[in-house]
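Input: a single structure, listed below in structure tokens.
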Amino acid sequence: MTDVDAQQKPRRDARAKIMDAAVATIREKGFSATSVDELCKRAGVTKGAFFHHFDSKQALGVAAARHWDEMTSEFFAAQDYHAHNDPLQRVLGYIDFRKSILQGPVPEFTCLVGTMVQEVYDTAPAIREAVDITISRHAARLEADIAEAKQRYGIKAGWTAESLALHTQAVLQGAFILAKAKGGPEVAADSIDHLKRYVSLLFGEVAFEGGS
């Protein structure tokens, strides 16, 4: 390791600690209620270190959305539902997986970017844009499977793969809000079950027969 590497490593470590603290704290308390002082304390870094990496709390919010995008992209890409040859089963497998990860306290399974955008969509446009990019990218990966399934099974309905992919995200984000209101995952699990039924009905008998 060079002297430059040795000097840069603590900086990278401090940024990573702040990111970890931001993800945990914002999911627990929301963006507005999360203070820079609290993040520094939780991350074990100085306020100077925070402002070395982020010009403002809003800049942290943008970085947190991008970090969440990278982290969740890797997480979902590694899951088994991608192994299905049938694209419809990949879509239904994705929905099943979303239900399976409703584990632990509410902050541990709810969405960081969904939490942030509900609070700041009109007051922090840079965060809103970063959140939009994150959610849209996630939906786009599902959209590809939906489009392939629609073509494979000759579905001629007027709805688009993009609109259905975004609808899945609307249901999931709404389910997280209900989970917060009710204080537990049960209502979210029920919403995801309804989502799976809805998608299955769009594809008719092939979905209920497990595809081909």
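All of the numbers you see were taken from the coordinates with simple rules; none came from a lab. Bear in mind the structure is a predicted one, so any value in this text is a computation, not a measurement. Cβ placement follows ideal geometry from the backbone for every residue including glycine, while neighbour counts extend to all protein chains displayed.
Annotations for the structure displayed:
- Applying both filters, DSSP loop and at most 14 other Cβ atoms within 10 Å, to the trypsin sites (Lys or Arg not before Pro) of the stretch 140-206 gives Lys156.
- Highest GNM mean-square fluctuation among Val23, Val62, Val171, for the chain modelled with Cα contacts below 10 Å: Val171.
- Three-way shape label, the stretch 71-164, alpha-carbon gyration tensor, a/c 1.5: oblate
- Of the DSSP H helices in the chain, those whose Cα atoms cover at least 24 Å axially and whose Kyte score averages -1.0 or more: 3-29, 57-77, 125-152, 161-182, 186-203
- Potential extension, Lys29-Glu108 segment - 0.36 nm per residue separation minus Cα distance: 27.2 nm
- Taking all C-alpha pairs of the chain, those more than 27 Å from each other amount to 40 percent.
- Inter-site label distance for Ala16 and Arg137 at 7 Å from Cα along Cβ, in nm: 1.9 nm
- The alpha-carbon atoms of the stretch 158-199 define a convex hull whose volume equals 50 cubic angstrom per residue.
- Rg/Rg_globular for the stretch 1-123, with Rg_globular taken as 2.2 N^0.38 Å and Rg from C-alpha atoms: 1.27
- Each of Arg152 and Lys180 was given a label point 7 Å from its Cα along the Cα-to-Cβ line. The distance between the two points is 3.6 nm.
- Helix-derived mean residue ellipticity, 222 nm - over the chain, DSSP H n ≥ 4, -39500 (n - 2.57), to 500: -24500 deg cm²/dmol
- Under the Debye formula (equal points on every Cα, no solvent term), log10 I(q)/I(0) of the stretch 127-208 at q = 0.16 Å⁻¹: -0.70
- Note on Asp190/Gln79: beta-carbon distance plugged into 1/(1 + (r/R0)^6) with R0 of 25 Å gives a FRET efficiency of 0.70.
- Cα-projected label distance for His167 with Asp96, points at 7 Å along beta-carbon direction, nm: 2.2 nm
- Ordering Ser73, Gly104, Gln89 by the projection of their Cα atoms onto the charge dipole of the stretch 64-174, which places +1 on the Cβ of Lys and Arg and -1 on the Cβ of Asp and Glu, puts Gln89 at the extreme positive end.
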